[in-house]
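The structure appears right after this line, and notes come after that.
We did not get these values from a lab; they are worked out from the coordinates using the rules stated. Everything numeric in this text was worked out from a predicted model, so none of it was measured. All Cβ positions, glycine included, derive from the backbone under ideal geometry; neighbour counts span all protein chains shown.
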């Protein structure tokens, strides 16, 4: 089941390769069907997962490279499922957001689907080598997608992004190899490795490799500058996936690998991590305030919001970790929505300069409303899922690092300031003559938009189903770390 | 009396390194391609030698066969590319192809 | 047996060196064929007759021939001169370093003694390929097909303008 | 099969029918108070965009239902003399359990009633005020949203849910202030309101976190019970933080600057949200969390801070109100001042008096706003009182209602304001025995009484008496707003006058009855009552001398007070101060950090990561595009790494890695 979900996009990608490039509708339908199938399977898995039992379920284990002790070992626990669901949602919405892609659309969809296979794979692999393979599978298409279909300094951004991510991967690969040799079992089977307790001294030496490798992707300050550039340059669907999902790979890796394997070291390092991610939160918010390009605002807001994820992780409390994963989910949905709308605005107004935009609400009321709701989610308004996430993170963080938490929470004021300023400057104010002909979001766009919107509101009003699911994944981790409730 | 295994391995290493030098230092794309084939041959020799000395039930030989077929494919595509380049640029000098300059 | 090996190994290495050193690319391609011919002999000393046969068929037969064709199809000015580029000294240094490392790492190891020399039957190889290794076999076939089509497309596209 | 949905449906209908006479108490009725307006919001916002009449009808019907339900709840609670409470787990993760539910007790039931009543009247009034506006449906959707959020806030059984709805009413306020979103003024004001109140909410959230990890519960009932056992030092901090939240929403100094600007929204909105209900939420919050403020558990400091903030705000607001020319700004500063007075009451340990004043204030202040709105509409959205005048003749009913509201607020007996204001002053007086700060507060309270009467009388005289003013050019930007045709001389339509008259009734008599209905402990103090009445009459008299007897061409106070008048007019220059502070600190810091990010962080990290090669000549050399050079680097790196590996004595072929195949 898990395997089917992971490879549905890849199968669709191969199918697309066989289709002639001028069958444009067929290409889109295949992509939409594949992403729909993945989404349906992801939803099914969330329901089929037995929360009372907990742990990793739906395991499939095949011998992959027996010589190395590497397996094709996939499964899912509460954290994986939340991330898988997020990926499927963003992919589905992303396919619809790129419906009107014109240049080399076939190759675009193929790469998009390959990328998503990698992302799905990372979330469900329980074998370190498989994990790394899927990870690279996700990173490489990103380069092409940005370099070929991007805008504003796309080569620079793609180049920078790939260098940063590969630098991160180098650390990861080194870390994984070191882990491999230090277990004495010569296996990549994560379930087996995570059963071990590593010597604290060893943990302290190995933790930085894995943590930094993933933190670059989160992105943690000061390794964040690739991300706004990447966001800004990428085409709409890629921005959605990039900010919505790819950044989560980092945080997911921190939780899944670094924290699970090296709880003692993580605990020792956590004050530093908490301090850095507080910088993330405040700094991202302040820098967002000074941006002039719409996409950069969202990009830096992501830096800020991902800081909350790390803060929740560093809190080492069940509430904080649950909040962190929930924040990953809701931030993904929210930024997906943002980038879909920014893409729409850019397509209609041909600029993303905030100062040049204004009064678009008259020409595109639906897009404006949706953007406003995403903006409200971004500033953590109750009733939308980000609020639940942030509040849980705050509860967790406040318990362990009250002073840092206060600084982090203070950012909600700055966030409100820049988000509202941006929304108002783009959509409100006097309607401008030159945008009178701009079109509102149409049916095709609405499919993705409303789906994401529904998720945002739905889990905002009734978060417990997802929170419960995530908790089952977080609980064993907290027990293992000897963290606080 | 068969020669010891490391004789074969050193022969393979020599072939590999000669090929490596060619790939790095030759201006003619065709020679560079031949050098790649030499490197592959070195690897192949390793496979066959290990197969014989470690008793791996033909795994090495089968692998070598696959390598040969892939090498053939690579040579075909590589040479086609060389010819295409030669037609377009009227040159097969690798030092002149610097379009990927960053 | 050892003497045979030494002879074949010498021919292989000298011919390979010829590929690097001969000023005329056409001569270099002939050396290339010779080197692979001798290498097929080395395979024989290892009891891999089938592989040796394949080696001769594919390399000295097919690849050497298309290389020769390629040499003739490319511009004569450089096509027939085997020049080295400006980083040849560094390249040589790196290649020597590589050789030193590989050999230095190989020699001290105590390698296992070989068992009795048995000829490989093509039949058993074929059986293996179609049973245990059938998936890689099919994949290799597919790759060959793709490469074939790709080679034709690329070369044909080049001829058009 | 179908058990849960069927039961839900049954409960829904029972609860819906309950206020209309069904005998059995329906447990879900309070929940419907939130759900129904929320549904109305969704429906009116989404599907009724092209049918404005239906949207308004739906909103009004829902609010009418809420009013009946609130009334019935109020009676039930009084009859039971207890509390209806229900609480369910909303989110539980690890050690954090957040609950949602409702609690109906006399305090909350009274608030429900006020919110429902004022909402209903304002909605009816709005049908006329906004007739013809292109955003008509949207307006009613927002109003329904506000009603839902406000009910949720009032019904909250715990501090967390209260925070949730606190933010949501903030959103409603944001949306409605910025309702005319095509004009820059309202948009900026909306943002200012939201960000400023959020500053307070930030404090509230911190208070909640601190309290939760200390007491492990946020439930009001349980907290009241637990409070004496908790650490007083922590509780003091918690109380101060909660007050920060209250100060943001209830426009207390120094966070009050957003309220006068919020008048950029439609006038009925100002009446409902920025005068009657939402701005009182801060007062309600402190009253609800009052056990945490008690001197016995948290020390004297929190209540002293509350009282001081209230007194300062009250004085600032009242003085600033005397110097404004925009009718809505006068009323806004008046609201600031009255909210300060309520806080002063809370600070004087009398939450009853504060809530009493909150309730009466809701009626007469919304009455004043609606009356002002009618006048503004009549003058084609002219808000400058110096360009109005003589409106008593064309709109006598409005003038009458406005006069009742004004007199009530001024504290003239026997109108409502008199009773509630005196209750507060009495509480302060009782505290003042033996406490010097409270003596000062009492003086402030008395001064505010006189000032209030003065500025309200000024307002009334300038708008409703004297000769009608020439119709000047309509202020730019407001030309498109709906209103009567230029030559139309008719009085306000009944949809506007009827709510005015209906509001005038409680504004007049609620004080007298409320004094009996609500558990107001304090009895009238003859001396105090006489004193405040005299002060109020003195204020009115002064205004009559200056503005009523003969209408001056321009404000005599400008010349008389000089720079002091400018100070008052600008609201003590606090706005300018904040704007500059904001520009220098926030924007400046943001810009600096942005540059820092582009140069230092980017550069440093790139450098540290060994990717300095990204730029300049090094880049040219490394990234020459010459593939063989790349390859050379790659191979050299691999073999050098290998050499390093061997150098450290590691085996190239570890025995463990070479298994038998």
For chain D, the longest principal axis of the Cα atoms and the Cα long axis of helix D:494-517 enclose an angle in degrees, to the nearest 10, of 80 degrees
Between C:48, C:150, C:38, where does the largest GNM mean-square fluctuation fall for chain C, given springs only between Cα atoms within less than 10 Å?
C:150
Quick note on B:37, C:138, ordering by fewest other C-beta atoms within 10 Å, gives C:138, B:37
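Going highest first, how would you order D:353-363, B:16-26, B:44-54 by mean Cβ packing within 10 Å? If you can, show how the numbers build up before the last one.
Numbers: D:353-363: 27.8, B:16-26: 25.1, B:44-54: 23.0.
Output ranking for D:353-363, B:16-26, B:44-54: D:353-363, B:16-26, B:44-54.
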In peptide D:183-195, how many Cβ atoms from other protein chains are near each Cβ within 10 Å, on average?
4
Taking N as the number of residues in the range C:1-78, the ratio of its alpha carbon radius of gyration to 2.2 N^0.38 Å works out to 1.19
Checking a compactness column here: for chain C, what do you get for Rg(Cα) / (2.2 N^0.38 Å), N being the number of residues?
1.30
The range D:331-458: translational diffusion in µm²/s, Stokes-Einstein, Kirkwood Rh over Cα pairs, 10 °C, 1.306 mPa s:
104 µm²/s
222 nm [θ] for chain D, helices only, -39500 (n - 2.57) per DSSP H run of 4+, per residue, to 500?
-22000 deg cm²/dmol
Centre separation in Å (Cα based) which lies between the range B:1-73 and the range A:293-312:
51 Å
For chain B, what relative contact order do you get, as a whole percent, if you take Cα pairs closer than 8 Å and at least 6 residues apart?
27 percent
Can you pull the mean other chain C-beta count within 10 Å for peptide C:104-110?
5
How would you rank A:105, D:575, going from fewest to most other Cβ atoms within 10 Å of each one's own Cβ?
D:575, A:105
Using eta = 1.002 mPa s and T = 20 °C, Stokes-Einstein with Kirkwood Rh from Cα pairs puts D for chain B, in µm² s⁻¹, at 141 µm²/s
The simple spin-label model distance between residue D:387 and residue A:192, using points 7 Å out along Cα→Cβ, in nm, is 8.4 nm
Calculated from DSSP helices alone, with each H run of at least 4 adding -39500 (n - 2.57) and the total divided by the residues of chain C, [θ]222 nm to the nearest 500 comes to -23500 deg cm²/dmol
Could you tell me the distance between the Cα centroids of the range A:92-160 and the range D:102-162, to the nearest Å?
47 Å
For labels at residue C:143 and residue A:100 in the simple 7 Å Cα→Cβ model, what's the distance in nm?
4.4 nm
Taking the 0 to 90 degree range and rounding to the nearest ten, how far is the long axis of helix B:59-89 tilted relative to the main principal axis of chain B, both from C-alpha atoms?
10 degrees
Would you mind calculating the relative contact order of chain A from Cα pairs under 8 angstrom and at least 6 residues apart, reporting the percent as a whole number?
17 percent
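Fewest Cβ neighbours within 10 Å first, please rank D:168, C:97 accordingly.
So the residues, fewest neighbours to most, are C:97, D:168.
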Using the Cα atoms of the range D:196-243, I'd like the radius of gyration and the largest Cα-Cα distance, Dmax, both in angstrom.
10.7, 34
Can you tell me the orientation of helix D:136-155 relative to chain D, as the angle in degrees between its alpha-carbon axis and the longest Cα principal axis, to the nearest 10?
90 degrees
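Per DSSP H run of n ≥ 4, the term is -39500 (n - 2.57); total these for chain A, divide by its residue number, and report the mean residue ellipticity at 222 nm rounded to 500 deg cm²/dmol. Numbers along the way, then the final one.
Details: 20 runs with 352 residues, N = 485.
The helix contribution divided over chain A gives -24500 deg cm²/dmol.
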State the Kirkwood hydrodynamic radius of the protein assembly as shown in Å, one decimal place, computed from all pairs of distinct Cα atoms.
35.9 Å
Equivalent-ellipsoid semi-axes of chain D, from the Cα gyration tensor, Å, largest first:
52, 33, 28
Mean Cα-pair separation over length for chain D, i.e. relative contact order, pairs under 8 Å, 6 or more apart, %
11 percent
Averaging over all projection directions, find the projected area of the Cα convex hull of chain A and quote it in nm² with one decimal place.
20.2 nm²
Histogram of C-alpha separations across the range A:394-485, 5 Å bin width, %:
3, 9, 9, 11, 16, 17, 11, 9, 7, 5, 2, 1, 0
Could you let me know the centre-to-centre spacing of the range A:420-461 and the range D:402-448, using Cα atoms, in angstrom?
49 Å
